[in-house]
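Working notes, structure below.
The values are calculated or read from the model by the stated rules, or taken from the named source; none is laboratory data. None of these values were measured; they are calculated from a predicted model. All Cβ positions, glycine included, derive from the backbone under ideal geometry; neighbour counts span all protein chains shown. Protein only, heavy atoms only, side chains kept; ligands, DNA and RNA dropped before computing areas. Shrake-Rupley method; radii C 1.70, N 1.55, O 1.52, S 1.80 Å.
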Amino acid sequence: MKIERILVPLDGSALAESALATAVEMTRPGPATLILVRAAEAHTFPGADATEAQVEVVREAETYLAGVTERLKEQGLAKVETSVWYGPAAAAIVDAARARKADLIVMTTHGRGGLGRLILGSVAESVLRGTTAPILLLRASQAPIEAPKGTGQARPAKEKANV
């Protein structure tokens, strides 16, 4: 698998940025391009003019990505592109991966399960269901580890004797 374009979705959190080290390592030694993506979405009160809020969140996202790009270039990474998409995170990541022709998406997940996942949803799962691009999913170090249901019940099938 030849990886030339690696997309990394960022939301400004340390958790999201923790995917950068892995993504940067994957760009070496080859000429891969790192594509940093940030979804921006303004939330306003009903009746309020949303235009100014929308412009502000996009401006903030662009400033944030410019700062991350500068840090990466100081580390010697030359091929960095940025992209701000207006809308929900999962849709923005899927659309950006398609439009920017990403060969791989490297992203983090909180590893939530149960009620937390039901209430907050899973951006990672939505991205997985919405794209054909391969995804390298890195879980938060503090995320709880849960054994899959049915653990200990799977057994190898009987092997046939070679005659």
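Summary table below
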{"read-out": "Pick from the stretch 39-65, criterion charged (D, E, K, R) and part of a helix (DSSP H, G or I), ranking: modelled with the lowest pLDDT", "value": "Glu52"}
{"read-out": "Criterion (in contact with a Lys or Arg (Cβ under 6 Å, 6 or more places away or on another chain), open to solvent by less than 70 Å² (accessible area, probe 1.4 Å) and farther than 22 Å from Gly130 by Cα) met by exactly one of Ala32, Ala42, Ala61", "value": "Ala61"}
{"read-out": "From Ala143, Ala124, Ala161, residue being modelled with pLDDT of 70 or more and hydrophobic (A, V, I, L, M, F, W, C)", "value": "Ala124"}
{"read-out": "Qualifying residue in the stretch 71-94 (condition: within 24 Å of Leu128 (Cβ to Cβ), part of a strand (DSSP E or B), β-branched (Val, Ile, Thr) and touching a residue at least 40 places away in the same chain (Cβ under 8 Å))", "value": "yes"}
{"read-out": "Residues located in the stretch 1-25, provided they are open to solvent by 60 Å² or more (accessible area, probe 1.4 Å) and either over 16 Å from Gln75 (Cα atoms) or in a strand (DSSP E or B) (or both)", "value": "Met1, Lys2, Glu4, Asp11, Ala14"}
{"read-out": "Check on Val68, modelled with pLDDT of 95 or more, within 14 Å of Ala19 (Cβ to Cβ) and either of a type outside the set (Lys, Arg) or touching a Phe, Trp or Tyr at 6+ places or on another chain (Cβ under 6 Å) (or both)", "value": "yes"}
{"read-out": "Extreme residue, farthest from Ala124 (Cα to Cα), among residues of the stretch 64-99 that are open to solvent by 70 Å² or more (accessible area, probe 1.4 Å) and charged (D, E, K, R)", "value": "Glu74"}
{"read-out": "Tally, over the stretch 26-38, of residues that are of a type in the set (Val, Ile, Thr) and assigned to a loop (DSSP other than H, G, I, E, B)", "value": "0"}
